[in-house]
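Down below is the structure, laid out as C-alpha cells.
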Amino acid sequence: MTSWQGRLLTTTTKLLLKPLIKLRGHRIIEENEIRKTYRRIEALAQRIKVPSQCKIQPDTVGKVPCEWVSWGDTPDLPTHEKKIIIYYHGSAFIVLSPKSYRLFTWRLAKEVGYDILVPDYRMAPDHHHPAAANDCIAIYEELLERGYRPEHIIIGGDSAGGNLSLVSLMQIRDRKYAQPAAAFCISPWTNLTGSGSSMISNAKADPFFPPDNITEVARVYAPDVDLSDPLISPAFADYRGFPPCISCGLQ
C-alpha cells in the first residue's frame, strides 16, 4: 500500500512539475532551469535528517563520488564477505543525488541489512552519454578489485537509475566479468525513444513526463545519437546472460 507521503509526492509532481515540462520542454534546459532546480533540491537535501543508527560514509569508487549508507552496528567483516547493494538514484539523468535520496536509502539499508553504495554519477546537461554508463562499469570494476565478490553484490535503481542498472548488467556481461547475485529496477526508464503503446496508455498515470516531452528530455542526456541503442534504451537490449532480475512500478 502506498504511503500518504508517497501519494502526496506523486500528486504534487503531477500538478506542478509535469505541466511545467509540458509547457516548456527543452527550453527548461536551455534557460538553465535544470541547474537552478538541482541547486534548490540539494539545498533542501542538506536539511534531511537521518536517524542516529544510520551511518553515511563518503567514498570514491572508480573515480566516481559515492556514499555508503549503512544501518546500525554492522559486523566488521572482511571485504570478500560483505554483502552490498549498488543503488543508482533516479534523476531523468539531470537532477537529484545521493544526498537527496537519503530518506530512501537509509530505509533500504535498514530493511535488507546490507551496506548501500549510492553513486553520484555524472549527469546532463554537463555530462552526456556515455558518461553515466562509463561510471557504472568503473564502479563495478573497482569493487571487484577491492575484493567484493560478485555473488555478494546486488545492483538496483529507479527511473534513470533503473536504466543504469540494466546498462551495468550489459557492460558486465559484455566484458565477461562475473555477474552480480541479482538486480532490481523500480519504474525503470528503459525506452528513451518515446515509442511503445504504454506511452499513451500510461500518459495520465506518469507523474513526471507528458509523452510529447520524453524525447526532449532524453536528448538532453543523449544528444545526436541513436536513442534505440541498448546502452541508452535497455528496452532494446538482449538480456541473455543476466542474473535474476525483478522490475516493479511505483503508484
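The values are calculated or read from the model by the stated rules, or taken from the named source; none is laboratory data. On a predicted model such as this, the values are computed, not experimentally measured, just so you know. No Cβ is skipped: glycine too gets one built from the backbone with ideal geometry, and neighbour counts run over all protein chains shown. Remember, those area values only see protein heavy atoms, side chains included, never the ligands or the DNA or RNA. Shrake-Rupley method; radii C 1.70, N 1.55, O 1.52, S 1.80 Å.
May I ask you to list pairs of residues, at least six apart or on different chains, whose Cβ atoms are under 7 Å apart, with the first in the stretch 35-52 being outside any loop (DSSP other than H, G, I, E, B) and the second being of a type in the set (Ser, Thr, Tyr)?
ILE41/SER100; GLU42/SER97; GLU42/SER100; ALA45/SER97; ALA45/SER100
Would you mind telling me which numbered condition in (1) modelled with pLDDT of 95 or more; (2) open to solvent by less than 60 Å² (accessible area, probe 1.4 Å); (3) in contact with a helix residue (DSSP H, G or I) (Cβ under 7 Å, 6 or more places away or on another chain); (4) outside any strand (DSSP E or B) ILE116 fails?
(4)
Any residue in the stretch 42-56 that is polar (S, T, N, Q), under 23 Å from LEU143 (Cα atoms) and modelled with pLDDT of 85 or more?
no
Taking TYR121 as the residue in question, decide whether it is assigned to a loop (DSSP other than H, G, I, E, B) and touching a strand residue (DSSP E or B) at 6+ places or on another chain (Cβ under 7 Å).
For TYR121, the condition - assigned to a loop (DSSP other than H, G, I, E, B) and touching a strand residue (DSSP E or B) at 6+ places or on another chain (Cβ under 7 Å) - is met.
Open to solvent by less than 20 Å² (accessible area, probe 1.4 Å), over 21 Å from LEU169 (Cα atoms) and either touching a residue at least 12 places away in the same chain (Cβ under 8 Å) or not in a loop (DSSP other than H, G, I, E, B) (or both): does that describe VAL69?
Against the criterion (open to solvent by less than 20 Å² (accessible area, probe 1.4 Å), over 21 Å from LEU169 (Cα atoms) and either touching a residue at least 12 places away in the same chain (Cβ under 8 Å) or not in a loop (DSSP other than H, G, I, E, B) (or both)), VAL69 qualifies.
Sort out which residues of the stretch 137-158 are within 21 Å of VAL112 (Cα to Cα) and either without any contact (Cβ under 8 Å) to a residue 60 or more places away in the chain or crowded, with 20+ Cβ neighbours inside 10 Å (or both), and write them in order of number.
Selection gives TYR140, LEU143, TYR148, PRO150, GLU151, ILE153, ILE154, ILE155, GLY156, GLY157, ASP158.
With the requirement that a residue be touching an Asp or Glu at 6+ places or on another chain (Cβ under 7 Å) and open to solvent by less than 10 Å² (accessible area, probe 1.4 Å), what does the stretch 119-136 give you?
The answer is PRO119, TYR121.
Name the residue that is nearest to THR37 (Cα to Cα), counting only residues in the stretch 85-113 that are surrounded by fewer than 23 Cβ atoms within 10 Å (Cβ to Cβ) and among the β-branched types (Val, Ile, Thr).
The qualifying residue nearest to THR37 (Cα to Cα) is VAL95.
Looking only at residues that are in a loop (DSSP other than H, G, I, E, B) and in contact with a strand residue (DSSP E or B) (Cβ under 9 Å, 6 or more places away or on another chain) in the stretch 74-84, which one is surrounded by the most Cβ atoms within 10 Å (Cβ to Cβ)?
Going through the qualifying residues, I end up with LYS82.
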